[in-house]
Every structure is written in C-alpha cells, then in structure tokens.
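The values are calculated or read from the model by the stated rules, or taken from the named source; none is laboratory data. No experiment lies behind these values; they were computed from the predicted model shown. Every residue, glycine among them, receives a Cβ derived from its backbone with ideal geometry; neighbour counts consider all protein chains shown.
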Amino acid sequence: MPAPRPPERGSHGSQPPVRVLAVIPCPSDGPGCDAEALWQELHRALKPLADRGLVGVDRLGEASEGGLKRRLTEAPPEVLHFLGTTRSRPIANYEALLFEGSDGRARSLTAQYLATLLRRGAGLRLAVLQPSAAGTSPFDGVARMLVDHGIEAVVTTGHLGAHSQAVFAAKLYSGLATGSTLEEAVAAARHALAEVGPGDGGVALVSRSPTARLGASGAAPEGSPKAPPPSAPAREPAARPGATGVPASEVSAGELAVRRELERKRAECAFDVFLCHNNADKPEVRKIARRLKERGILPWLDEWELPPGQPWQTLLEQQIGSIRSAAVFVGSAGVGPWQEQELYGFLREFVSRRSPVIPVLLPDAPEKPKLPIFLKAMTWVDFRADEPEPLGRLIWGVTGQRPDTLELGPRSPEP
C-alpha cells in the first residue's frame, strides 16, 4: 500500500497552522532599511494563507536579543523569518546576525549563540534568512553554522524585490502548510522565482532532514514516494486498474468505474478542461489536476500531454480547439507571458463555441489579484476559501452540473 499523504492543514483540520515569527531589525548604524515596509510586504503575501488558517504570522515588536528571548519563552514559533543583515569573518569562523541593541545600534548575535537561543523555543523547526537590503552579505555561512549547532533547517535567499519576495514567501509557506517536505517547498519557491524574474534569488536549503515536514505531519514516512521537482515533471500515465500502485483487488467498484471512464476519455481525446497556468504555479495546479481525475474529470495538463520531440505550439492549438472548457489559474506569481497567449487563444474559442472559461484563484493568490480584463466579468473559483467548496465549484463550471453536496455561497466580489 502507498504511504498515506499527510492531511492538509486548515481551519477544519486537527493540525495547527504553521506559526511564523518575522524578525526585522533595522539598526540605526546599519544598511538603510524600512522595517515597516518589509513587514507589510510579508504580511500581504501570507494573508491569503492566514485567512484560510494555514499560516499564522506575527512580527517581533522589539527586534533585539531580549525581545527574541521573551517571545521564544512566551509563544515559540515554528518558523523564524529573519529579514536583516549579517556580519561575517570566514577566516575567524565568525558568523553573526545583526539585531538592535538598547540604543538602537547594531548588536551582533553569533550563529552559535543564536542557535542556543532558538533551541529554547519548543517546536521551532526552521529559520528563513533573507537580506533586508541589496548589496548585503549572503547568509550561507550563518545557515551552515545554525544547522551545525542544532537547528533542524535553514532556508536562505539573496535580496529580492517586492514582487519576487511576495512570490517566494507565498510559495514556500503554501507548500509547508499543505504537507510538502522542506525540499519540495523550497524547490517550488525556487521554481516560481525563476519564472517571475532573472535568477532565483539564490534560494538554498541547509538541513539535516530535508524530507521532514513541519507541524504534526512530522518527518516523511520511511520509503514514502517523493514528488518530482517542479523543474523535472513527469508525464501522468493513462488511468487503468492498478496504475496508481494499488492492486486492482483493493480498488472499489466506484474507483474502477472512474478509471475506466478516464481511460475512455483519453482514448477519444475527450478532455474536459484545459488547465491554463503560470509555470510558477505548476505544483499546486498538479495537485488540483489529480483531484479532478479522482472525480472523473479528465484535465489537459501540458506536462502530462505534450510528448518530447514534437512542436508543442501545434499540439496546443489542436487541443484548445476541442477541449470543452478552460480553467485559468492565478497564484502569487500572476499571469505568465505564455499563459496570456493561451488565454486569448481560448477566448476566441470561447466566443465562437460558448465554452466556459473559469478563473481560478490558487491558495497563495494575493488578496486583490490582477486578472485580465475579460476574466473580471466572470464568476471565479477561489481556493483561498473553504466555503463554498472550491473543487465542487470548479467541477460545476467544467461540467455544467452542480454537485449535490455543494453549498452555494454569494458571487465573489470583483477583485
């Protein structure tokens, strides 16, 4: 039997949200930074996840050694997210983070001492270290020392602009909050950054247990299958009894019927919905595609349907001309350039064939997502909310048949 996947966290689950403490020191004698602006950028990026009960994010009011000590004692977080600067002397094996002293000037906390402090916080599993200003030193040395002195994992990046920072934070914490391993969540964030700008910001993971998961999900079960990294997707095989690794004898009659129906649709190239998405959102879209298949809906996802060595533009045009509907996914990275071309191609088909084109907001979509003008007039599906149930609404839009168990909510307001 395949290893069970950890349940998704949320307001209705038994697992607590990922608890994040943002520490943003801006010493008066350090590189210039705007702590309030950095905090607002991080808060906005994580608000959709916080609204769903997936992430709890707070800011350390006093970004000093004393303030951190008190917070670790009173309400220890699961993740420390540090936006600041470092002081490094590699020859002397000296690595430190700059906090604020009582006089507002920089106070260095060595990596060894900081690791001792952080281990006092019961449940702290991860540190995320990011430069607060361009041109400041990287955190590579600090990350290695923290892990060497007992911190389970550290994620580092180079300096990121506002949009890239929002994409990074949303992708990283969305993955961590929904059961991805540390390496899977970091890979998704790195892949998303590579899609939105030149370079990936130098995202790196240093960890003694990269396959661990945060929260009650704990470490990955021994021998559990690893999802392929976003940069190396694999084609989904045709549905058939036993194709998922579960013996046909252990599959229910209902599941067998669904698989046979999917197999028939694939043989006839009768795809139900074209999944139009930014490559940065591939991991989340892949999850939704698998859930659709479990409900008998056959999605067209590029990595499953475009064979290597053939002109993808021609194949894509052929599919857009015959698929019954389209779902346009929007996440923290926004709408990508190739996605826009797919959109307008499908819009022309929509006008002529009256095919549904369904905007779908992913869990990490910003509070006010930027949608193409023609999509704003259409009712969308919002995976940032649990009610009304988003997968059921998506299936309703694709098939035109309302699921019996779907509780209808009000039409979403225009973003």
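Here are some notes:
- Note on region 1-39: among residues that are among the small types (Gly, Ala, Ser) and modelled with pLDDT under 85, the one that is farthest from ARG59 (Cα to Cα) is ALA3.
- Within region 132-153, the residues that satisfy the criterion of being more than 11 Å from ARG208 (Cα to Cα), hydrophobic (A, V, I, L, M, F, W, C) and assigned to a loop (DSSP other than H, G, I, E, B) are ALA133, ALA134, PHE139.
- Residue check for LEU375: modelled with pLDDT under 90 and under 22 Å from the mean Cα position of the chain (by Cα): no
- Taking (1) over 21 Å from LYS293 (Cβ atoms); (2) modelled with pLDDT of 90 or more; (3) not basic (Lys, Arg) in turn, LEU362 satisfies each apart from (1).
- Test: residue in region 338-349 that is assigned to a loop (DSSP other than H, G, I, E, B) and within 24 Å of the chain's Cα centre (by Cα): no
- Residue check, ARG190 basic (Lys, Arg), at pLDDT 85 or above, in contact with a Gly (Cβ under 7 Å, 6 or more places away or on another chain) and surrounded by 21 or more Cβ atoms within 10 Å (Cβ to Cβ): no
- The one condition from (1) over 19 Å from the mean Cα position of the chain (by Cα); (2) crowded, with 23+ Cβ neighbours inside 10 Å that GLU152 does not meet is (2).
Let's see how each residue does on (1) within 14 Å of ALA170 (Cα to Cα); (2) in contact with a Lys or Arg (Cβ under 8 Å, 6 or more places away or on another chain); (3) of a type in the set (Ser, Thr, Tyr):
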{"residue": "ILE24", "(1), (2), (3)": "no, yes, no"}
{"residue": "SER28", "(1), (2), (3)": "no, yes, yes"}
{"residue": "ALA35", "(1), (2), (3)": "no, no, no"}
{"residue": "LYS47", "(1), (2), (3)": "yes, no, no"}
{"residue": "GLY56", "(1), (2), (3)": "yes, yes, no"}
{"residue": "LEU68", "(1), (2), (3)": "no, no, no"}
{"residue": "SER88", "(1), (2), (3)": "no, no, yes"}
{"residue": "ALA96", "(1), (2), (3)": "no, yes, no"}
{"residue": "PHE99", "(1), (2), (3)": "no, yes, no"}
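- From the options ALA122, ALA106, residue that is within 29 Å of the chain's Cα centre (by Cα), assigned by TED's automatic domain parsing to the domain that holds GLU62 and hydrophobic (A, V, I, L, M, F, W, C): ALA122
- Evaluation of ARG119 against the conditions (1) charged (D, E, K, R); (2) more than 16 Å from ARG213 (Cα to Cα); (3) in contact with a Ser or Thr (Cβ under 8 Å, 6 or more places away or on another chain) shows that the sole unmet condition is (3).
- Residue check for GLY84: under 28 Å from the mean Cα position of the chain (by Cα), modelled with pLDDT under 90 and surrounded by 14 or more Cβ atoms within 10 Å (Cβ to Cβ): no
- Filter pass, GLU317 being modelled with pLDDT of 85 or more, at negative phi and out of contact with any strand residue (DSSP E or B) (no Cβ under 7 Å at 6 or more places or on another chain): no
- Filter pass, LEU182 being in contact (Cβ under 8 Å) with a residue 40 or more places away in the chain and closer than 17 Å to ALA22 by Cα: no
- Selection of region 351-384 for residues being buried (at least 21 other Cβ atoms within 10 Å of the Cβ), touching a Gly at 6+ places or on another chain (Cβ under 7 Å) and outside any strand (DSSP E or B) yields LEU362, ASP364, ALA365.
- Residues of region 265-278 satisfying the condition of being at pLDDT below 85 and farther than 9 Å from LEU298 by Cα: ALA267, GLU268, CYS269
- Cross-chain or 6+ apart pairs with Cβ under 8 Å, region 331-347 first and modelled with pLDDT under 75, then surrounded by fewer than 20 Cβ atoms within 10 Å (Cβ to Cβ) and among the polar types (S, T, N, Q): PHE346/SER355
- Some residue of region 207-218 being at pLDDT below 90, over 20 Å from LEU46 (Cα atoms) and buried (at least 16 other Cβ atoms within 10 Å of the Cβ): yes
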